[in-house]
Structure formats: structure tokens, C-alpha cells
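**Student:** Supplied in C-alpha cells, the structure appears directly below.
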Amino acid sequence: MATLGHVTPSSKFFDTPLPLRSGAQLRDYTLVYETYGELAADKRNAVLVCHALNASHHVAGTYEGQPKSEGWWDNLVGPGKPLDTDRFFVIGVNNPGSCFGSTGPTHVNPATGKPYGADFPVVTVEDWVQAQARLLDALGIEQLAAVLGGSLGGMQALSWTLQFPDRLRHCVAIATAPNLSAQNIAFNEVARRAIVTDPDFHGGHYAAHGVLPKRGLRVARMIGHITYLSDDVMEQKFGRELRAAELGYSTQEIEFQIESYLRYQGDKFSEYFDANTYLLITRALDYFDPAREHGGDLARALARATAKFLVVSFTTDWRFSPARSREIVKALLDNRRDVSYAEIEAPHGHDAFLLDDPRYHGVLRAYFDRIAKEVGR
Amino acid sequence: MSERRDMELIASLVPPGSRVLDLGCGRGELLAHLREHRQCTGYGIEIDDANVLACVQRGVNVIQLNLEEGLAIFEDQSFDVVLQLDTLQHLRNTESMLRETARVGRIGIVSFPNFAHWPNRMRVLSGRMPVTKALPYEWYNTPNIRVGTYADFEVLARKNGLQVLDSFGIRQGRPVRFRPNLLASVAVFKFSRG
């Protein structure tokens with residue numbers, strides 16, 4: 001299969017304030033986005049890809065001069081790939097609050113002239129969808145062929161069907177849930193406590209002190225990473241393997257390979273991710289719960305949705321288990337909506353949605369193939 | 001059951017415009033047929049990956065579920081018709097699935113290989129298990145973990161308080177209404193909760 005080759009991000013400045021669910025607003029903001037493929041003359045072939053926790057607008061392709069800068073869903077999006085950029089115009093957009101270019105905590109707060117830091121307002125999945133809709137307005141796209149997302153991205157795709165039911169034909173929600181469980185929130189809380197109790201956190205205004213709460217971020221990422229993998233995969237990859245031939249009888253040193261791996265992942269993450277963004281995004285995850293305004297009744301919440309749905313889950317995903325996806329499916333069935341549901345037997349846990357599993361990609365390819373025919377591509 | 005004429009015969013039992021649930025829908029042919037020729041809507045339930053993929057390719061709504069786990073995802077009487085074609089004999093929880101079918105649908109339609117079809121009887125009389133077009137497996141590798149007869153199903157339906165609305169056999173794509181227990185390779189029952 002061909003690759004997209006080199007891609008370049010674009011950015012768009014919005015000077016109309018963005019009202020947020022919290023009651024606060026972003027006075028102005030910039031969204032960074034990338035597009036792949038060509039927008040058809042009738043503009044019916046646009047697909048929006050929503051990103052998950054630590055991803056960005058850079059969905060596919062590479063940046064010139066950086067051969068390892070492959071987009072996070074490059075195995076899915078490109079010419080001849082399941083989401084085929086020869087047929088679809090694919091948009092990746094970075095959400096407000098992120099640390100990858102769109103206005104976020106590291107940017108200057110127009111009210112103070114200093115970086116937002118901890119003063120960046122709490123953003124929700126719903127706020128992100130509002131921001132994304134404005135980008136579509138700017139691109140002149142009235143209706144999307146599909147909105148696609150995995151994990152937190154899947155929550156955005158669901159939110160699209162509720163906030164803008166007429167603006168998308170299909171919703172593809174992968175490895176996601178209608179809200180977080182107490183266990184999910186608990187993991188988020190441990191990650192947040194790791195960050196805010198780092199001595200370098202300084203109430204979120206670490207930039208003003210010229211430091212970064214890297215220790216906290218490392219621990220947060222280690223916790224997160226454990227939840228993305230399945231027990232089996234971790235066992236298979238690392239087991240109880242030691243780094244040295246003998247036990248070291250130390251409590252401080254890395255002895256098991258899994259420790260080494262988690263520390264490596266944590267270190268890498270703390271080099272590029274912003275701590276305030278981590279706090280904001282995990283909070284957005286905690287808050288997402290479309291059924292809340294309907295007394296906890298998800299079927300009533302989804303009654304507004306008119307899109308056709310494809311829901312996909314993975315059998316070993318314990319972070320967003322198949323049972324959580326089936327809740328979405330049930331609510332759609334109760335509303336007599338068009339929905340297909342694939343429960344993919346994959347060993348990789350939550351991470352499976354980013355991997356190139358033939359059964360999973362086969363279903364997505366078949367589904368997007370149908371959408372393409374529907375929109376005349 | 002894969003034969004087209006069998007399918008059309010069963011499809012003719014489904015009232016036009018029905019909301020249909022097809023349990024063990026395979027590659028979604030029947031649902032596509034019902035959609036195109038009888039303006040039906042609905043969903044298929046399927047466990048096999050390749051069949052799920054075929055349904056998505058065909059544009060049929062398919063839900064990947066294991067029928068052994070029941071139909072809790074569906075509300076009472078939420079479908080006009082629940083189909084269970086060539087499926088029931090593969091399930092361990094045959095009786096509870098039959099009750100679930102009657103709970104979820106206003107009408108249930110079941111079909112399965114009729115073990116009492118006369119060639120099968122001859123084969124058993126000769127001391128061997130039958131291997132026929134309707135029962136194409138050896139006893140040791142058959143996915144049909146339940147073998148029953150047309151007459152047996154009447155008893156099971158009665159036991160579960162189901163009202164049989166229609167029943168007949170099928171042989172070579174044609175309905176068999178005269179002595180179906182002896183003369184048909186496939187049994188078909190249309191029933192309601194009674």
C-alpha cells in the first residue's frame with residue numbers, strides 16, 4: 001500500500017469566543033489540523049478523525065525530514081488503506097487544551113499575557129466537538145460522511161451524534177464507553193495525584209518556575225500504560241524476566257524487564273507531554289456521560305442521534321471492555337437505529353484499536369467502502 | 001438452508017415491513033433479501049468473524065454476539081419477527097433460546113434439520129448415524145449438538161407454552177405438508193408466545 005508521504009499541519013485562528021460547558025470561555029483560540037485526500041466538489045466525502053488522550057491532529061503520513069514521525073493512525077488512514085484517502089477527505093484536528101499546537105495551557109492567556117498553566121479552563125468532550133464543528137464551518141463542510149474515533153476519540157464521535165445529529169452520516173466508535181467506570185476514574189485520579197504532588201508542579205504554574213513536573217508525568221504514564229495492555233500481552237512480552245542473571249536484592253533498582261519498560265515509557269512521555277494537559281484530558285474523560293442529563297438513561301440520551309453506527313470493541317480490553325460497548329449498542333437498538341457491532345478477538349487489550357489486526361481492519365474497510373458508495377466515491 | 005429456494009420459502013413467512021431479528025444470520029443473505037423484497041428492517045446476530053464481515057460488506061446491520069449468552073440486549077417484544085434458521089441445533093441452551101425468541105419477538109420462526117426424515121431413519125436402522133445434505137457431518141465432528149425431529153419440536157413448543165401458528169417441512173426447496181416428519185429433511189415452525 002502506498003503511504004501518504006509528507007504532510008503539513010495547518011492552523012486556523014478563531015476570534016469568536018468559544019463558550020465552554022463549565023461556564024468559562026476561550027476568548028480566542030487556534031486549532032491545528034491536518035487533512036489528507038481531496039474534498040469532493042459536493043463536499044460529501046469528509047471524515048473527521050477524533051484523537052484520544054495523548055494523540056494529536058497528526059493522524060497519518062510523515063513530516064518532511066523526520067522519517068519516524070508517522071501519524072498515530074497511519075496503518076488505517078492513507079491511499080488504499082481501510083480509510084482510503086483516494087476516496088475520502090480525512091481531517092485530523094487537535095483539541096483545545098492539548099499540548100500539540102492548538103490553544104492549550106502552555107499558550108499565552110490573553111487576559112494576563114502569561115502562559116495559562118493551571119488557569120486553562122476545564123474543557124469537556126462536548127466543548128471539543130463544538131470547536132471541531134467551527135473548523136468544519138471554516139472548511140465549508142456542512143455534513144461529514146463519518147466521524148471516527150477510538151477510546152476518548154470514540155466519545156467525541158458519540159458526542160457528535162448528539163450535538164450535531166444532522167452533520168454526520170456515520171459514527172464509528174471504537175474501543176470506547178458511554179462513560180467511565182469508577183475504576184477508570186480511579187486510575188485517572190492516581191495519575192493526577194502523581195502529577196500534582198510532584199514538587200516541581202507548583203500548582204500548575206511550573207513554567208513560571210522554569211521547571212517541569214516530569215516525575216509525576218512519568219508515574220502517570222506508567223499507570224496509564226498498564227491499563228492499555230492486557231495481562232496476557234504483558235506476560236508474553238515481559239513475564240518475570242530479569243534484566244540481570246541473578247536477583248539483585250535491591251528495592252530501588254530496576255530488576256524486572258517490565259519495570260524497565262514502564263520507566264522507559266514514562267521517561268519518553270515526560271519529555272513531550274504537558275502535565276496540565278494530562279490533567280485536563282483525564283478530567284474530560286471523567287466528565288463524559290451523555291446519559292447524565294437523562295437520569296442515567298443512555299437510550300434516552302441517544303434518542304437524538306440519527307447517524308448510522310459502527311461500534312467496535314476488543315475482547316481483552318479491560319479499560320473499555322466489550323460490555324461497555326454493548327451498552328452503547330443496546331441504547332441504539334432501543335432507539336431502532338442502524339447499528340453494527342464487531343467484537344474483535346484480539347490479545348492486545350485497549351491498545352488493539354491502534355494496531356493493524358486483519359479482522360478489525362477488514363470490518364473498517366468494509367464499512368468505509370459502503371460509506372464511500374453512499375456518498376458517490 | 002443455504003439454498004435460495006429454501007430462503008425464499010422462509011422469507012415468504014415474514015410479513016412485509018416487519019422489524020426482524022435474525023439469530024445466527026450467517027452472511028446476511030436473508031436479511032438483505034427481506035430488505036430488498038419485503039421492505040423489512042432489522043439486525044442479524046452472528047458470532048463468526050468472517051460472517052460479520054460479510055454482513056458489513058452487504059450493508060446489513062449485524063451485532064457480533066454469542067447466542068449462548070442469551071438475548072438480554074433486546075427488550076421484550078421489540079421485534080415483529082425473530083428468525084432462528086438452522087441455528088437452534090448448534091446451541092447448548094436450546095430451550096432457553098426458544099423462550100428468549102418468543103420473548104423478544106411477536107412471531108418466532110425456527111428451522112432445523114429433521115432427524116426423522118426417512119433416509120436418516122434407514123441409515124440408523126442400518127446401524128450408522130446419517131450423513132446427508134441436511135446433516136452433512138459425521139457424528140464425531142458435527143456442529144449440530146442437538147438432533148431432533150419435526151415431531152419432537154411440537155412437543156417442545158407445547159411444553160414451553162408456544163402457540164404454533166404454522167408448521168411444515170421442506171425438501172429440495174419445496175414445502176412438505178403431508179407427513180413432514182417422515183418426508184421432509186428440514187422442519188419449519190412459526191410460533192408466538194401463545
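**Student:** According to the square roots a ≥ b ≥ c of the eigenvalues of the Cα gyration tensor, what is the shape class of segment A:190-239, taking rounded for a/c under 1.5, prolate for a/b larger than b/c otherwise, and oblate for the remainder?
**Tutor:** prolate
**Student:** Please state the equivalent ellipsoid semi-axes for segment A:152-203: what are the square roots of 5 times the Cα gyration tensor eigenvalues, largest first, in whole Å?
**Tutor:** 33, 13, 8
**Student:** As a test of the definition: which semi-axes, in Å, follow for segment A:184-282 when you take the square root of five times each eigenvalue of its alpha carbon gyration tensor? Largest first, please.
**Tutor:** Equivalent-ellipsoid dimensions as semi-axes: 28, 16, 10 Å.
**Student:** Right, something else. What number comes out for the charge environment of A:Ser98, summing +1 per Lys or Arg and -1 per Asp or Glu over other residues with Cβ under 13 Å away?
**Tutor:** Neighbour charge sum, excluding A:Ser98 itself: -2.
**Student:** Related question: Considering only C-alpha atoms, what is the centroid distance from segment A:186-253 to segment B:56-119, in Å?
**Tutor:** 48 Å
**Student:** Normalised by the residues of segment A:107-258, what does the relative contact order come to in percent, with Cα pairs under 8 Å and at least six apart?
**Tutor:** 15 percent
**Student:** For chain A, what is the relative contact order in percent, using Cα pairs closer than 8 Å and at least 6 residues apart in sequence?
**Tutor:** 17 percent
**Student:** Still on this structure: Which GluC sites (Glu not before Pro) does segment A:214-308 hold that lie in a coil by DSSP with at most 16 other beta carbons within 10 Å?
**Tutor:** A:Glu241, A:Glu246, A:Glu253
**Student:** Give me A:Lys12, A:Lys114, A:Lys214, A:Lys81 ranked fewest to most by other Cβ atoms within 10 Å of their Cβ, as a rough exposure proxy.
**Tutor:** Final ranking by Cβ density, sparse to dense: A:Lys114, A:Lys12, A:Lys214, A:Lys81.
**Student:** Shielding by partners for B:72-78, please: the mean number of other protein chain Cβ atoms within 10 Å of each residue's Cβ.
**Tutor:** Per residue, the average neighbour count from other chains is 3.
**Student:** Turning to a different aspect of this structure: Under the Karplus relation 6.51 cos²θ - 1.76 cosθ + 1.60, θ = phi - 60°, what is the ordered set of whole-Hz ³J(HN,Hα) values for segment A:242-250, x standing for Gly and Pro?
**Tutor:** Whole-Hz 3J(HN,Hα) from phi for segment A:242-250: 9, 6, 9, 6, 10, 5, x, 6, 10.
**Student:** Taking only the alpha carbons of the protein assembly as shown, what extent do you get along each of the three principal axes, in Å, biggest first?
**Tutor:** 91, 65, 48
**Student:** Which far-off residues, 5 or more places away or on another chain, put their amide H under 5 Å from the one on A:Ser151, with H placed in the peptide plane?
**Tutor:** A:Ile174, A:Ala175, A:Thr176
**Student:** Right, another one. Would you mind ranking A:Val122, B:Val176, B:Val124 so that the residue whose beta carbon has the fewest other beta carbons within 10 Å leads the list?
**Tutor:** In increasing order of surrounding Cβ atoms, one gets B:Val124, A:Val122, B:Val176.
**Student:** How high is the relative contact order of segment A:184-282, in percent, with contacts defined as C-alpha pairs under 8 Å that are six or more residues apart?
**Tutor:** So the answer I get is 31 percent.
**Student:** May I ask for the angle, rounded to the nearest 10°, between helix B:94-104 and the longest principal axis of chain B, with both axes built from Cα atoms and the value confined to 0 to 90°?
**Tutor:** The angle comes out near 30 degrees.
**Student:** Also, I was wondering about something else. On the first, second and third principal axes, largest extent first, how far apart are the outermost C-alpha atoms of segment B:1-87 in Å?
**Tutor:** On the principal axes, segment B:1-87 reaches 30, 29, 22 Å in Cα extent.
**Student:** Now for a separate question. For segment B:1-40, what is the Kirkwood estimate of the hydrodynamic radius, computed as the reciprocal of the mean inverse distance between distinct Cα atoms, to one decimal in Å?
**Tutor:** 10.1 Å
**Student:** Could you tell me, in Å, what Rg and Dmax come out for the Cα atoms of segment A:275-323?
**Tutor:** 14.1, 37
**Student:** For chain B, go through all pairs of different Cα atoms, get the mean of 1/r, take its inverse, and jot down that Kirkwood value in Å.
**Tutor:** 16.8 Å
**Student:** Once phi is turned into θ = phi - 60°, what whole-Hz ³J(HN,Hα) does the Karplus curve with 6.51, -1.76 and 1.60 give for every residue of segment A:6-21, x standing for Gly and Pro?
**Tutor:** Here the 3J(HN,Hα) series is 7, 10, 10, x, 10, 9, 9, 9, 10, 9, 7, x, 9, x, 10, 4 Hz.
**Student:** Residue-wise, which Karplus ³J(HN,Hα) couplings in Hz belong to segment B:46-62, taking 6.51 cos²θ - 1.76 cosθ + 1.60, θ = phi - 60°, and x for glycine or proline?
**Tutor:** Per-residue couplings from phi come out as 8, 9, 7, 4, 5, 5, 4, 4, 4, 5, 4, 4, 7, x, 9, 5, 9 Hz.
**Student:** Here's something else I'd like to know. Would you mind giving the average projected area, over all directions, of the Cα convex hull of segment A:258-301 in nm² with one decimal?
**Tutor:** 4.8 nm²
**Student:** Here's something else I'd like to know. Suppose we look only past 20 Å in the calculated P(r) of segment A:116-232. What percent of the Cα-Cα pairs does that tail hold?
**Tutor:** 57 percent
**Student:** On to the next question. On average, how many beta carbons from a partner chain sit within 10 Å of the beta carbon of a residue in B:49-59?
**Tutor:** Mean shielding count: 6.
**Student:** Where does each of A:318-328, A:16-26, A:301-311 land if you order them by average Cβ count within 10 Å, highest first?
**Tutor:** Ranked from most to least packed, the peptides come out as A:301-311, A:318-328, A:16-26.
**Student:** Alpha carbon centre of segment A:256-331 versus segment A:1-76: separation in Å?
**Tutor:** Computed from Cα coordinates, the inter-centre distance equals 20 Å.
The numbers here are math on the coordinates, done by the rules we state, and not lab data. Since we're looking at a predicted model, the values are computed, not measured. We place every Cβ from the backbone using ideal geometry, glycine too, and count neighbours over all the protein chains shown.
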